[in-house]
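Below is one structure, written out as structure tokens, with a few remarks after it.
The values are calculated or read from the model by the stated rules, or taken from the named source; none is laboratory data. This structure is a prediction, so every number in the text was calculated from the model and none was measured. Don't worry about glycine lacking a Cβ; one is built from the backbone with ideal geometry, like all the others, and counts go over all protein chains shown.
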């Protein structure tokens with residue numbers, strides 16, 4: 001009996017027990033994968049401390065690709 005590993009972007013992973021079952025599943029969006037195969041490298045030159053992918057270590061300085069802080073807006077100074 002053969003074992004064929006399949007994965008789907010919505011449903012996760014499953015095992016097909018025949019070539020016919022695997023072919024049917026592939027028609028519905030499943031794709032084959034080898035669990036023992038090494039995972040493809042996303043970017044071989046990326047540094048592990050480049051958290052936001054801008055080529056610099058650490059985060060970006062304030063104002064560059066930053067998002068507004070959440071929370072209560074500051075109160076206007078009373079005069």
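Number of residues in segment 1-24 that are surrounded by 11 or more Cβ atoms within 10 Å (Cβ to Cβ) and not in a strand (DSSP E or B) equals 7. Looking at segment 43-58, is at least one residue surrounded by 11 or more Cβ atoms within 10 Å (Cβ to Cβ), in a loop (DSSP other than H, G, I, E, B) and either touching a strand residue (DSSP E or B) at 6+ places or on another chain (Cβ under 8 Å) or at pLDDT 75 or above (or both)? So far as segment 43-58 goes, no, none of its residues is surrounded by 11 or more Cβ atoms within 10 Å (Cβ to Cβ), in a loop (DSSP other than H, G, I, E, B) and either touching a strand residue (DSSP E or B) at 6+ places or on another chain (Cβ under 8 Å) or at pLDDT 75 or above (or both).
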